[in-house]
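> Pasting in a structure now, in structure tokens, and then I'll have a few things to ask.
Computed from the coordinates by the stated procedures, all read-outs in this text should not be read as laboratory data. Just so you know, these numbers come straight off a predicted model, no measurement behind them. Please note: Cβ atoms are built from the backbone with ideal geometry, for glycine as well, and neighbour counts cover all protein chains shown.
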Amino acid sequence: MSGTIADKLSLLISTKTAIKQAIIGQGVSVDSNDTLASYADKIASISGGADTYEADLVLKGVVDGLPQPDEETVVDDAVTILEAI
């Protein structure tokens, strides 16, 4: 990362602001005096927000009528997802 110290501090401040807005967007409050170091706990407190009940049932193999993918398909799908990141 090149640039002056002022450039780096400016980027740090804008990054902190972006993270703050993302945390607030997930429904967790962030006070103006909260430090960047406190953001980790705030992020950890964010719940997934998704209802995983049906997904849990599929993973446990108890939903009737749904095909259960074989291990190779699951691995291939995971690789595809990771390559897209």
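> Is the shape of region 1-49 best called rounded, prolate or oblate, per the rule: a/c under 1.5 gives rounded, else a/b larger than b/c gives prolate, else oblate, with a ≥ b ≥ c the square roots of the Cα gyration tensor eigenvalues?
On the way: a/c = 2.79, a/b = 2.37, b/c = 1.18.
Since a/c reaches 1.5 and a/b is larger than b/c, the shape of region 1-49 is classed as prolate.
> Modelled label-to-label distance, N33 and L82, 7 Å Cα→beta-carbon offset: nm?
4.5 nm
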